[in-house]
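Structure record follows, encoded as structure tokens.
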Amino acid sequence: MVQIENLSFSYRQKQVLFDQLCLSLPMGNIYGLLGKNGAGKSSLLKLIAGLLFPKEGSLLVGEHTPGDRYPEFLQEIYLVTEEFHLPSMKMSRFVKLYSPFYPRFNHDLFEEYIKEFKLLADQKLSALSYGQKKKFLLSFGLATDCRLLILDEPTNGLDIPSKSQFRKVVANAIHEDRSFIISTHQARDMENLIDPIIILDEG
């Protein structure tokens, strides 16, 4: 699904973040992305999502180069970043507006997920806590049934019961035709979920 060959990347006027990085991520796994602060975890996720662009090398997600941002690529990938902004609208309105971009969006599953997380479709997104917003974004992302779901520090802001709910819904949502990449510093929260593990260190 994700194939990276000899990828190099750096931010302007900063040292090289990745130098000839090679990585192959087949379908059907929940990948754990680990590394110390500044190792480039979030940058790698944004490269895979097409929000950043390699300086050298190649990066393919399926048959697509992420940076091209073709609709056929975008409908098969969903990224939940650590920091995000949600519009001031009801949850149900957000789903009505954005679910059509994902051809396999499952409304019944979405309802199950928000019920599991104790959310209500008529709640206003701007009124939710940080943790509740994350639960909503996770529910929406899982319901898209996209082939690649990318989660950056998904358990930050979640209490202990919510972390258990998170592991449960993610484990039940994986299948052989989709993969998840989870970047985290909370390895203990994820240890029974992620396999294989990717460790970024020194580019």
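The values are calculated or read from the model by the stated rules, or taken from the named source; none is laboratory data. Bear in mind the structure is a predicted one, so any value in this text is a computation, not a measurement. With ideal geometry, Cβ positions are generated from the backbone for all residues, glycine too; neighbour counts draw on all protein chains shown.
Would you call Y98 within 22 Å of A187 (Cβ to Cβ), among the aromatic types (F, W, Y), touching a residue at least 12 places away in the same chain (Cβ under 8 Å) and surrounded by fewer than 18 Cβ atoms within 10 Å (Cβ to Cβ)?
It is false that Y98 is within 22 Å of A187 (Cβ to Cβ), among the aromatic types (F, W, Y), touching a residue at least 12 places away in the same chain (Cβ under 8 Å) and surrounded by fewer than 18 Cβ atoms within 10 Å (Cβ to Cβ).
Which one of the conditions (1) free of Cβ contacts under 8 Å to residues at least 12 places away in the same chain; (2) of a type in the set (D, E, K, R); (3) under 30 Å from L25 (Cα atoms) does K118 fail to meet, given that it meets all the rest?
Of everything listed in (1) free of Cβ contacts under 8 Å to residues at least 12 places away in the same chain; (2) of a type in the set (D, E, K, R); (3) under 30 Å from L25 (Cα atoms), K118 misses just condition (3).
For the stretch 65-86, enumerate the residues that are within 12 Å of the chain's Cα centre (by Cα) and modelled with pLDDT of 95 or more.
The answer is E76, I77, Y78, L79.
Output the residue which, of all residues in the stretch 106-137 that are part of a loop (DSSP other than H, G, I, E, B) and either under 16 Å from the mean Cα position of the chain (by Cα) or of a type in the set (G, A, S) (or both), is nearest to R178 (Cα to Cα). Break it down stepwise before answering.
If we filter the stretch 106-137 for residues that are part of a loop (DSSP other than H, G, I, E, B), which is where we start, we get 106, 117-123, 128-129.
Next, only the ones that are either under 16 Å from the mean Cα position of the chain (by Cα) or of a type in the set (G, A, S) (or both) stay: 121, 129.
Numbers: A121: 26, S129: 29 Å.
Per the criteria, the residue is A121.
Looking at (1) modelled with pLDDT of 90 or more; (2) touching a helix residue (DSSP H, G or I) at 6+ places or on another chain (Cβ under 9 Å), find the lone condition where Q20 falls short.
(2)
Kindly provide the set of residues from the stretch 35-72 that are in a strand (DSSP E or B) and surrounded by 19 or more Cβ atoms within 10 Å (Cβ to Cβ), ordered by number.
Across the stretch 35-72, the qualifying residues are L59, V61.
Taking M91 and the conditions (1) within 20 Å of the chain's Cα centre (by Cα); (2) surrounded by 12 or more Cβ atoms within 10 Å (Cβ to Cβ); (3) under 22 Å from H185 (Cα atoms), which numbered condition does it fall short on, given that it satisfies the others?
(3)
If I filter the stretch 55-71 for residues that are touching a His at 6+ places or on another chain (Cβ under 9 Å) and either free of Cβ contacts under 8 Å to residues at least 24 places away in the same chain or under 26 Å from A187 (Cα atoms) (or both), do I get at least one hit?
So far as the stretch 55-71 goes, yes, one or more of its residues are touching a His at 6+ places or on another chain (Cβ under 9 Å) and either free of Cβ contacts under 8 Å to residues at least 24 places away in the same chain or under 26 Å from A187 (Cα atoms) (or both).
With Y98, Y78 as the choices, which residue is over 25 Å from L33 (Cβ atoms) and either part of a helix (DSSP H, G or I) or in contact with a Cys (Cβ under 6 Å, 6 or more places away or on another chain) (or both)?
Just one listed residue meets the conditions, Y98.
Answer yes or no: is there a residue in the stretch 18-25 that is over 19 Å from the mean Cα position of the chain (by Cα), surrounded by 14 or more Cβ atoms within 10 Å (Cβ to Cβ) and within 25 Å of R178 (Cα to Cα). It would help to see each step written out before you state the result.
Initial filter on the stretch 18-25 (over 19 Å from the mean Cα position of the chain (by Cα)): 18-22.
Adding the requirement that they be surrounded by 14 or more Cβ atoms within 10 Å (Cβ to Cβ) leaves 18-19, 21.
Checking the rest, the ones that are also within 25 Å of R178 (Cα to Cα) come to 21.
Checked against the condition, which is being over 19 Å from the mean Cα position of the chain (by Cα), surrounded by 14 or more Cβ atoms within 10 Å (Cβ to Cβ) and within 25 Å of R178 (Cα to Cα), the stretch 18-25 yields at least one hit.
Looking at the stretch 173-194, which of the residues that are at pLDDT 90 or above and polar (S, T, N, Q) is surrounded by the most Cβ atoms within 10 Å (Cβ to Cβ)?
S183
In the list F140, F166, which residue meets the criterion of being crowded, with 21+ Cβ neighbours inside 10 Å, modelled with pLDDT under 95, closer than 14 Å to V80 by Cβ and under 18 Å from the mean Cα position of the chain (by Cα)?
On inspection, the qualifying residue turns out to be F166.
Would you pick out the residues in the stretch 165-203 that are of a type in the set (D, E, K, R) and part of a loop (DSSP other than H, G, I, E, B)?
Within the stretch 165-203, E176, D177, R178, E191, D201, E202 meet the criteria.
Can you name every residue in the stretch 151-163 that is surrounded by fewer than 15 Cβ atoms within 10 Å (Cβ to Cβ) and part of a helix (DSSP H, G or I)?
I160, P161
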